[in-house]
Amino acid sequence: MKKSLLSMGLALAGLCASVLYGEPSKVFDQIKQAASPDELYALLYAVPKGGDLHHHGGGSMPMEYALDYYLDAERNGGRQFYIRTRIEACPEHRLRPEVMYHVLGEWDWKALDPCLQKQFKLVTELTEAEQAAWLSDLKIDQEGEGRDEFFEKIWWRMGPVFNDLSVGPDLLVENMKAMGKEGLRYIEMQVIPWSHTDAEGNPVSAELWYETYKKRLAQPDALATGVTMRFQVVIIRFLPEAEDHVRRAFEFIDKHRDLFVGINMAGREDEGKGQAARFTEVYREMQRLYPKIPLAIHAGEADEGNSNIRDTLALGADRIGHGLNLLKDTDTYLLMRQNQYMVEVNLVSNKLLEYVPDPMQHPFPVLLRTGIPVSLNTDDRGMWDSTFTDEYYSAVRYYNLSWEELVKVGRDSLVYSFLEPSKKAELMADYDAAVLEFESTYLTEDWRDAVQDVDVTVSNYGKENFGLTSAVNLGDPIE
Ligand SMILES: [Zn+2]
């Protein structure tokens with residue numbers, strides 16, 4: 001009896017305080033006005049987040065994780081890796097592309113012409129300056145680096161690490177720890193399950209990929225991250241055999257629906273050979289053969305207006321990746337309004353790859369406020385040197401997001417995920433409860449004290465773009 005009176009009293013006191021100080025959304029508005037960049041970053045770091053629906057395996061992890069693997073013999077089992085530190089012409093042989101800091105496993109290096117071999121050295125023999133230059137060249141972190149650097153060079157500098165089935169699953173769990181710490185609950189990661197190798201560079205089957213990842217994700221440390229993983233098969237759209245990959249993806253996903261939830265298509269849209277309309281026939285063919293497999297497809301990641309989003313919807317797409325030129329195609333924009341096709345937004349990616357250098361030209365706030373579901377995503381945060389929080393911070397700072405809008409964006413990332421209904425309901429209930437708890441902890445008159453206690457991971461991107469004063473610690477291992 002006494003206890004319930006006491007809790008009633010506490011509840012009343014809490015109610016009075018919140019009435020005096022205002023509703024969570026009003027407090028959020030006040031915080032936006034009063035907080036320093038570091039305070040707002042800490043607050044948004046602690047905000048409960050839903051899903052990262054646009055997330056490429058290999059590009060998603062801090063590049064420091066890859067370096068650790070190459071430089072630590074205990075982690076890589078003493079295997080040898082070679083890195084290119086000189087580019088000189090050889091009379092008969094070339095290595096395409098010609099990229100500084102191109103990393104090869106010993107097995108690939110041995111197969112090179114001796115003239116090319118000489119331009120490589122062991123990664124463990126890099127000078128400190130070379131090591132720093134390699135790390136920097138794995139990121140879009142310099143003036144003038146943009147989409148050519150990203151699409152044509154960076155991937156060769158990562159070497160075989162993320163494709164190595166003896167390492168990839170552990171790196172994924174490392175990344176789940178980091179993103180779980182930011183309050184993320186779900187990742188839908190794009191992978192090509194038949195493009196992986198064993199530790200010596202030999203191809204492994206997609207079946208083995210599936211078994212190995214499934215086992216790793218069931219380990220206690222993976223479960224403890226609080227992050228649920230599901231995968232999409234991604235098709236590289238401009239390859240000549242891309243139609244066959246679509247067929248293969250349908251067949252593979254249909255057999256592994258517990259982990260695989262959808263198909264994606266990626267690759268430069270300005271490349272010309274991978275336009276959506278090319279694939280109409282093969283998707284029709286597959287849709288006649290298999291129960292529904294959802295589609296989330298890159299479209300509208302382009303400078304100019306074109307019919308790519310419309311053609312992609314015609315393939316049966318449920319979600320559009322990027323959708324940057326949607327507002328330039330009025331008919332398709334009107335079609336998508338209220339029609340429940342989500343646009344997966346990638347603010348940091350679009351800025352760094354110079355699709356939208358000026359954030360005020362980004363369609364995100366217009367889509368959000370005119371009835372098109374949107375989510376925030378990291379795309380290839382390893383190369384952006386960024387966190388999920390950077391996406392939230394960009395959205396709140398550039399577009400004056402209200403608390404209700406912020407919560408809706410997070411919630412919609414679960415609503416429009418391709419998760420099976422029971423798991424989706426579970427994650428949404430968990431998200432809603434976490435939002436209430438966040439409101440009572442942080443959106444109060446004591447918010448300033450509360451954000452002091454947040455153990456924040458600060459990214460280089462955040463430091464450069466938002467004027468944070470805290471030290472960068474993204475890439476440090478998460479305990
Ligand atoms: Zn993407």
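For this structure, a couple of remarks:
- Screening the candidates Asn308, Asn339 for the property of being buried (at least 24 other Cβ atoms within 10 Å of the Cβ) and over 19 Å from the mean Cα position of the chain (by Cα) yields one hit, Asn308.
- Residues (within 14 Å of Ala42 (Cβ to Cβ), surrounded by 18 or more Cβ atoms within 10 Å (Cβ to Cβ) and of a type in the set (Ser, Thr, Tyr)) located in the stretch 412-458: Tyr442, Thr457
- From the options Glu145, Glu130, Glu152, residue that is outside the structural domain of Val348 (by TED's automatic domain parsing) and surrounded by fewer than 16 Cβ atoms within 10 Å (Cβ to Cβ): Glu152
- Test result for His93, within 16 Å of the ligand (Cβ to nearest atom), of a type outside the set (Val, Ile, Thr), at negative phi and not in a helix (DSSP H, G or I): no
- Meets criteria (within 16 Å of the ligand (Cβ to nearest atom), under 16 Å from the mean Cα position of the chain (by Cα) and in a loop (DSSP other than H, G, I, E, B)) for Ser375: no
- Residues being closer than 24 Å to Val261 by Cβ and either outside any loop (DSSP other than H, G, I, E, B) or away from the ligand (no atom under 16 Å from the Cβ) (or both) - total across the stretch 327-346: 8
- Here Glu391 does not qualify as in the same structural domain as Gln232 (by TED's automatic domain parsing), within 16 Å of the ligand (Cβ to nearest atom) and more than 26 Å from Ala178 (Cα to Cα).
- From Gly226, Gly201, Gly305, Gly274, residue being out of contact with any Ser or Thr (no Cβ under 9 Å at 6 or more places or on another chain), modelled with pLDDT under 95 and within 25 Å of Tyr69 (Cβ to Cβ): Gly201
- Failed item, numbered, when Arg310 is tested on (1) assigned to a helix (DSSP H, G or I); (2) closer than 13 Å to Ala242 by Cβ; (3) of a type outside the set (A, V, I, L, M): (2)
- Among (1) within 14 Å of the ligand (Cβ to nearest atom); (2) surrounded by fewer than 24 Cβ atoms within 10 Å (Cβ to Cβ); (3) closer than 27 Å to Ile293 by Cβ - the single one Tyr355 does not satisfy: (3)
- Among residues of the stretch 173-195, those that are among the small types (Gly, Ala, Ser) and either within 16 Å of the ligand (Cβ to nearest atom) or in contact with a helix residue (DSSP H, G or I) (Cβ under 7 Å, 6 or more places away or on another chain) (or both), counted: 2
The values are calculated or read from the model by the stated rules, or taken from the named source; none is laboratory data. Treat the numbers as computed from the prediction; the structure is a model and nothing was measured. In this analysis, Cβ positions are derived from the backbone assuming ideal geometry, glycine residues included, and neighbour counts consider all displayed protein chains.
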